[in-house]
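The values are calculated or read from the model by the stated rules, or taken from the named source; none is laboratory data. All of these numbers come straight from a predicted model, not from anything done at the bench. We place every Cβ from the backbone using ideal geometry, glycine too, and count neighbours over all the protein chains shown.
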Ligand SMILES: [Zn+2]
Ligand SMILES: [Zn+2]
């Protein structure tokens, strides 16, 4: 069974500070709690009991549920309370450049820095000026990770997002996500040809519209064959950051009808080769 409310109807009750304080009070550290009418009234700072009762009525049944012990958050209430707490709709974070101790994927200099403008993180190289990546990072990510830790946190977040979406689940909404290999920066696919085109992976959610684009390599880097190949050479490939998975990686479009991209890495004269199909599945693996 599905019940649906109009977005305008669902969001209208939130335009009031007493009500947003009620939602925040019900999401104390450690998870949602149940609070009595009087406790909630105090936490919200409402002037009169009658006025507060009116505000509470605006929040039930969509965001609050009344139980024998008091009031508790619904699933929608928990989500809104978390969004309020995380600052995702209210805070804009800028961050000064922080050095990253990995070589630049373009010039090899250890000159990468991460900065943030309006919550969005840019990783760029101060030696060759290349912009390596640009990704949104929520305010709570900035608030809870110190300067030296936030680039690593961003890396983990997106590494797992790529992995989740390639596996079919959207990290934003739990919806079905699809993976498609396509030409990078080519609008109509006919513009490029296999010999000069560059492939990228487009991950998209059919539930909420969330999309993510990344090199095909990132989608196969946690494949058992890759993990084992690197482990055999004394390295944990999962430690490679998304801004530089290593200069030993190559991507070649072998065909675009049907799609087949060869993703390969060479270490100590040994080569690992994966053939990747349109939906980012690894079709074949060769080691030589
Ligand atoms: Zn560089
Ligand atoms: Zn989604």
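For region 199-215, enumerate the residues that are under 17 Å from the mean Cα position of the chain (by Cα) and either more than 16 Å from ligand 2 (Cβ to nearest atom) or not in a loop (DSSP other than H, G, I, E, B) (or both). Write out each step before concluding.
Filtering region 199-215 for residues under 17 Å from the mean Cα position of the chain (by Cα) gives 201-215.
Within region 199-215, 201, 202, 203, 204, 205, 211, 212, 213, 214, 215 qualify.
Among the residues of region 246-257, is there at least one that is in contact (Cβ under 8 Å) with a residue 60 or more places away in the chain and within 24 Å of residue 151 (Cα to Cα)?
Yes, because at least one residue in region 246-257 is in contact (Cβ under 8 Å) with a residue 60 or more places away in the chain and within 24 Å of residue 151 (Cα to Cα).
Where residues in region 111-124 are surrounded by 14 or more Cβ atoms within 10 Å (Cβ to Cβ) and more than 17 Å from residue 159 (Cα to Cα), which of them is farthest from ligand 2 (Cβ to nearest atom)?
Taking region 111-124 and keeping what is surrounded by 14 or more Cβ atoms within 10 Å (Cβ to Cβ), we get 111-116, 119-124.
Imposing the further condition that a residue be more than 17 Å from residue 159 (Cα to Cα) reduces the set to 111-113, 115-116, 119, 124.
On the way: 111: 36, 112: 30, 113: 31, 115: 28, 116: 24, 119: 19, 124: 29 Å.
It comes out as 111.
For residue 187, all conditions in the list (1) modelled with pLDDT under 95; (2) under 14 Å from the mean Cα position of the chain (by Cα); (3) exposed (fewer than 14 other Cβ atoms within 10 Å of the Cβ) hold save one; what is the number of the exception?
Residue 187 satisfies every listed condition except (2).
Consider region 104-124. How many of its residues are assigned to a strand (DSSP E or B) and within 16 Å of ligand 1 (Cβ to nearest atom)?
Kept after step one, since they are assigned to a strand (DSSP E or B), are these residues of region 104-124: 112-117, 120-124.
Narrowing the set further to residues that are within 16 Å of ligand 1 (Cβ to nearest atom) leaves 112-115, 122-124.
Looking only at that region, the number is 7.
Show the residue pairs that are 6+ apart or on different chains and have beta-carbon atoms under 7 Å apart, the first residue being within region 101-112 and over 17 Å from residue 248 (Cα atoms), the second being away from ligand 2 (no atom under 16 Å from the Cβ) and not in a loop (DSSP other than H, G, I, E, B).
So the pair list comes out as 111/125; 112/100; 112/123; 112/125; 112/132.
Could you tell me which residue of region 8-64 is surrounded by the most Cβ atoms within 10 Å (Cβ to Cβ), considering only residues that are without any contact (Cβ under 8 Å) to a residue 12 or more places away in the chain and not in a helix (DSSP H, G or I)?
Looking at the filtered set, the residue picked out is 60.
Is it true that residue 209 is at pLDDT 95 or above and loosely packed, with under 14 Cβ neighbours inside 10 Å?
Values: at pLDDT 95 or above: yes; loosely packed, with under 14 Cβ neighbours inside 10 Å: yes.
So residue 209 fits the description; yes.
Of everything in region 125-151 that's assigned to a helix (DSSP H, G or I) and surrounded by 14 or more Cβ atoms within 10 Å (Cβ to Cβ), which residue is nearest to ligand 1 (Cβ to nearest atom)? Outline the logic, then answer.
Of region 125-151, the ones assigned to a helix (DSSP H, G or I) are 139-144, 150-151.
Remaining after also requiring surrounded by 14 or more Cβ atoms within 10 Å (Cβ to Cβ): 139-142, 150-151.
Values: 139: 29, 140: 30, 141: 25, 142: 25, 150: 21, 151: 16 Å.
Here the answer is 151.
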